[in-house]
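The values are calculated or read from the model by the stated rules, or taken from the named source; none is laboratory data. Keep in mind the model is a prediction, meaning the values are calculated, not measured. Backbone-built Cβ (ideal geometry, glycine too); neighbour counts: all protein chains shown.
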Amino acid sequence: MTSPQARRPIDKIVVLIPTYNERENISLIVARLRAAVPEADILVLDDNSPDGTGAVADHLAVADARVRVLHRTRKEGLGAAYLAGFEWALERGYDVLVEMDADGSHQPEQLPALLRALATADVALGSRWVPGGSVVNWPMHRKALSRGGNIYVRVLLGMPIGDATGGFRAYRASALRTLDLQNVASLGYCFQVDLVWRVIRAGLQVVEVPITFVERTIGDSKMSQDIVNESLRNITLWGARYRLGQVRSLLHREPRWHRLGG
Ligand SMILES: Nc1nc2c(ncn2[C@@H]2O[C@H](COP(=O)(O)OP(=O)(O)O)[C@@H](O)[C@H]2O)c(=O)[nH]1
Ligand SMILES: [Mg+2]
């Protein structure tokens, strides 16, 4: 990682909000966000939600020029929706791209802290599993899944990150432009780990900012066994490749006694 240094001032911010069946939540979250960070634009990434979330978002966009909607044809997963949002925002010259859930779990009131952290970082991760971070109202099995998943990520990938699976983040556009986004294949929530892993390998500066994650009170979680399976499969594969690379470089290193001349 590079040493912390002052980055370019932030001019244009866009908050990307993926939605699938979040009709009631979307108006609430947009209102909170507009109050908490009035200078930010908002892009709703809707996967043609059967409950009509897209139409509700369209109404919000008519009422507020800072709100835009990207209508996608079908449910393709969180990662695919974010990749489309990144492309949209990078084409339009935003300086900072924020990821945030629609269901109120990520509190817009904590976004200013993430944005402040970008003064000395390329990426700010909202983090539940660092001192000061927490989760409210999650059942034991979700806590165990998140904590276990993060331990698995740390052991396999060796990343010094407390919460690599979270989805409340701020990226500098300059950082995203250095990543090979075309080759991101993770479709589900594994996308989040995929991106941190790319960010770390690119040597970008990452800061974790403690957040309080509050479980949704309206609507249903879209977490599924398929999503867990994709994460397990991908992280295991990346970890195996990474560890194999480490072993190879150890084996190919010239033995020390040779270099010393015997
Ligand atoms: N566009 C889109 N959004 C999704 C998809 N899956 C989940 N989301 C959104 O991603 C956010 C997090 O999903 P959620 O079900 O709350 O996950 P959880 O908090 O881990 O239980 C919410 O805003 C969802 O509406 C998807 O396939 N496409
Ligand atoms: Mg949620």
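Pairs needed: first member in segment 217-231, on the phi > 0 side of the Ramachandran plot and surrounded by 12 or more Cβ atoms within 10 Å (Cβ to Cβ); second member anywhere, of a type outside the set (Lys, Arg) and not in a loop (DSSP other than H, G, I, E, B); C-beta distance under 7 Å; at least 6 residues apart or different chains.
Within 7 Å, the pairs are Gly219/Glu24; Gly219/Asn25.
If you go through segment 1-50 one residue at a time, how many are within 13 Å of Ala81 (Cβ to Cβ), away from ligand 2 (no atom under 15 Å from the Cβ) and of a type in the set (Ser, Thr, Tyr)?
Matching residues across segment 1-50 total 0.
Quick check on this structure: which one of Leu179, Leu187 is modelled with pLDDT under 95 and touching a helix residue (DSSP H, G or I) at 6+ places or on another chain (Cβ under 7 Å)?
Numbers: Leu179 fails: modelled with pLDDT under 95.
Every option except Leu187 fails the conditions.
Please determine whether any residue of segment 21-31 is within 25 Å of Ser221 (Cβ to Cβ), more than 13 Å from ligand 1 (Cβ to nearest atom) and among the hydrophobic types (A, V, I, L, M, F, W, C). Spell out how you get there, then give the answer.
Taking segment 21-31 first, the residues within 25 Å of Ser221 (Cβ to Cβ) are 21-31.
Checking which are more than 13 Å from ligand 1 (Cβ to nearest atom) leaves us with 27, 31.
After this cut, where a residue has to be among the hydrophobic types (A, V, I, L, M, F, W, C) as well, the list is 31.
Looking through segment 21-31, at least one residue is within 25 Å of Ser221 (Cβ to Cβ), more than 13 Å from ligand 1 (Cβ to nearest atom) and among the hydrophobic types (A, V, I, L, M, F, W, C).
Does Val209 count as closer than 23 Å to Arg8 by Cα, in contact with a Ser or Thr (Cβ under 7 Å, 6 or more places away or on another chain) and β-branched (Val, Ile, Thr)? If you could, list the steps in order and put the result at the bottom.
Details: closer than 23 Å to Arg8 by Cα: yes; in contact with a Ser or Thr (Cβ under 7 Å, 6 or more places away or on another chain): yes; β-branched (Val, Ile, Thr): yes.
Considered against the rule, which asks whether it is closer than 23 Å to Arg8 by Cα, in contact with a Ser or Thr (Cβ under 7 Å, 6 or more places away or on another chain) and β-branched (Val, Ile, Thr), Val209 comes out as yes.
So, in segment 142-183, how many residues would count as being within 15 Å of ligand 1 (Cβ to nearest atom) and of a type in the set (Val, Ile, Thr)? Show your work before the answer.
Residues of segment 142-183 that are within 15 Å of ligand 1 (Cβ to nearest atom), as a first pass: 142-150, 163-169.
If we keep only those that are of a type in the set (Val, Ile, Thr) too, we end up with 165.
Residues meeting the conditions: 1.
Exactly one of (1) within 15 Å of ligand 1 (Cβ to nearest atom); (2) within 16 Å of the chain's Cα centre (by Cα); (3) closer than 25 Å to Trp88 by Cβ is unmet by Gly219. Its number?
All conditions pass for Gly219, except number (2).
So which residues in segment 58-84 are closer than 27 Å to Leu195 by Cα and of a type in the set (A, V, I, L, M, F, W, C)? Don't jump to the end; show me each part of the working.
Taking segment 58-84 and keeping what is closer than 27 Å to Leu195 by Cα, we get 66-84.
Once the filter is applied, which keeps residues that are closer than 27 Å to Leu195 by Cα and of a type in the set (A, V, I, L, M, F, W, C), segment 58-84 yields Val67, Val69, Leu70, Leu78, Ala80, Ala81, Leu83, Ala84.
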